Structure formats: C-alpha cells, structure tokens
Amino acid sequence: MNMEVLGLFLLGAAGGLLNGFIASGAGVIIVPIMVLIGYPQADQASSLAVAVSCWAALFYVIPYYIRNYRDEEWICAVTLFIAGASVGHLGVAFGQQMPLNLSRLMLAFFAFVCLDVLSRHERKLKHIAPELLDQPVWTNPQANLVKYAFFGSLTGFLGGMVGSAGGLVLLPLLVHFTGMRVKQAVYACLAMMAGSSVSALYGQAQYAAINFELGIPLAAGAVVGGFFGCIGMKMASEKSIRLLVKLFLSELGLFMLAWGLLL
C-alpha cells in the first residue's frame, strides 16, 4: 500500500467516523481536505465513499427501526429515503449547470441557516429537564409526513450538489421542526442519505466519470470509520452530538463561503 492510498483510506475513515457519529455525510470532511491539498474534482471522488458509507450504516439503522417498529418511526425513515433518492441526481445536475461560485455560496447560506435553526432549538431545550434530554420521544409520523418529504428532498438535493449526502443540514431541521431527539434524527438522516447518496452517485456517473482510483480507498476507509462512528454515537450524549453538528455546520458554511469567493 503506497502512501497516497493510505492517506486516502485514512481520510475516508475520518469522513466515515463523522458520518456514523452525527450523520453528516462523509463528504463534509473528504471534499474540503481534498480541495485544500489540490485534488481536482473532489466531489466525484467523494461520491463513492459517501454512498458506500451511508449504505454500510444501514446495518445499524435497520435494526433500530425494527426494534422500534411499534412507534412507527420507520415511516419517517422510508419517507426520507424515497425523498432523498428522488432528488440526489437532480442536485448533481443542478450543480453541474449553474455557476460553481453561485452553488457554493448557496450551500454556505443553507449551512448558516441550519446552524441558526439548531441554535434556536438549543434555546428551547433549556426549558426541558436535563434528565429527559437523552430520552427518545414519540413523534407522530403521519402528522409530520409532509415535513419529512420536504426536508428530505431539500437536503438530498443540496447534498447532491456538493458530493455529500445532506444529512448535516437535515438533522437541525428534524430536531427543531418535528420534535425528534438528536439520536433519533441521526438514524433518520442516515436513512435519507442511503437514498440520496446512491441517487447522487448515479448523477455523477451521468455527468462525469466517477474517479474509482480515488474513490475506492476513500470508500474502504469510510466503511471502517463508520463502524466506529455508529458505536460512538450510541455511547455519546445528545449534547455532544449537537456540539459536533454545530462545529461542522460552521466548517461547511465557512468553507463553502471561502470556496465560492476565493477559489
């Protein structure tokens, strides 16, 4: 194994770890780092790793929904999966057709909007007893079905534009507007990304050749990292997950802003 392949594997592992921990999409780490170190077309290399890591995470997601099938949370997961699968390739097409600077600035805007949404949600949590914050809550899936479809479509589309999967911007919307706890939202985001990532991968194949030489070691690392990320998510507190989501939303927004204005 040469040093470049090892470096790509480790980068994929870092992206997969974050994806399993906060359902961010592995591209949130992979794309910025590949751009900064000079790899061209980082989104094409990232798409394979994102898709493989999101589907590997289903080994944790599906058992969760089977255990909680009486709560009908699976309805949310299926709706989000279909919504993401319907639009991921359209996000790729849109990103290919519109000016790159404009698409990057638009993504920066949405990242900062979702950061604000999560901050508003945290202010609401101050009125909830601390011992209740890590406990799951039941959210009526029928009452929120339209929200799931809309949020899943919006964030799957945005993820397709940047070679990620949209989970990082979906999570704040779910916890704030549907009442989910953070860990419940992580599982829901992973379900949406399983659909959007494959759809975006299809879009990448339609508009540009997928870079398998870079994508395969990234994907292998992302699967390994995702295994430990999912384990870590189960052990972590909701406060820790929210803090990481805010940190990487800030990273995404600032990177896209700089990428759109300077690069």
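The values are calculated or read from the model by the stated rules, or taken from the named source; none is laboratory data. Here the structure is a predicted model, which means the values were calculated and not measured. Positions of Cβ are generated from backbone atoms using ideal geometry, with glycine treated the same way; all protein chains shown enter the neighbour counts.
So the values come out like this:
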item	result
Positions within segment 44-101 being more than 16 Å from Gly20 (Cα to Cα) and β-branched (Val, Ile, Thr), in sequence order	Ile66, Ile75, Val78, Thr79, Ile82, Val87, Val92
Candidates Ala220, Ala205, Ala200, Ala191 - the one that is within 28 Å of Gln96 (Cβ to Cβ), hydrophobic (A, V, I, L, M, F, W, C) and free of Cβ contacts under 8 Å to residues at least 40 places away in the same chain	Ala205
Segment 199-250 - residue that is of a type in the set (Val, Ile, Thr) and over 17 Å from Pro172 (Cβ atoms) and, of those, modelled with the lowest pLDDT	Ile210
Checking Leu17 against (1) among the hydrophobic types (A, V, I, L, M, F, W, C); (2) buried (at least 17 other Cβ atoms within 10 Å of the Cβ); (3) under 26 Å from Gly95 (Cα atoms), the condition it does not meet	(3)
Selection from segment 69-88 of residues that are without any contact (Cβ under 8 Å) to a residue 12 or more places away in the chain and surrounded by 15 or more Cβ atoms within 10 Å (Cβ to Cβ)	Trp74
Members of segment 28-59 that are of a type in the set (Gly, Ala, Ser) and at pLDDT below 85	Gly38, Ala42, Ala45, Ser46, Ser47
Flag for Ala222 being surrounded by fewer than 18 Cβ atoms within 10 Å (Cβ to Cβ) and either of a type outside the set (Phe, Trp, Tyr) or at negative phi (or both)	no
Residue within segment 69-82 that is of a type in the set (Lys, Arg) and part of a helix (DSSP H, G or I) present	yes
Checking Leu262 against (1) under 15 Å from Ser24 (Cα atoms); (2) at pLDDT below 85; (3) of a type outside the set (Gly, Ala, Ser); (4) surrounded by fewer than 19 Cβ atoms within 10 Å (Cβ to Cβ), the condition it does not meet	(1)
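Let's see how each residue does on (1) more than 24 Å from Ala236 (Cα to Cα); (2) among the hydrophobic types (A, V, I, L, M, F, W, C); (3) touching a Lys or Arg at 6+ places or on another chain (Cβ under 7 Å):
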| residue | (1), (2), (3) |
| --- | --- |
| Ser86 | yes, no, no |
| His89 | yes, no, no |
| Val92 | yes, yes, no |
| Pro99 | yes, no, no |
| Arg104 | yes, no, no |
| Leu118 | no, yes, yes |
| Lys126 | no, no, no |
| Ala143 | yes, yes, no |
| Gly160 | yes, no, no |
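Rundown of residues vs (1) without any contact (Cβ under 8 Å) to a residue 12 or more places away in the chain; (2) under 13 Å from the mean Cα position of the chain (by Cα); (3) surrounded by 24 or more Cβ atoms within 10 Å (Cβ to Cβ), yes/no style:
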residue: His121; (1), (2), (3): no, no, no
residue: Gly167; (1), (2), (3): no, yes, yes
residue: Thr178; (1), (2), (3): no, no, no
residue: Gly215; (1), (2), (3): no, no, yes
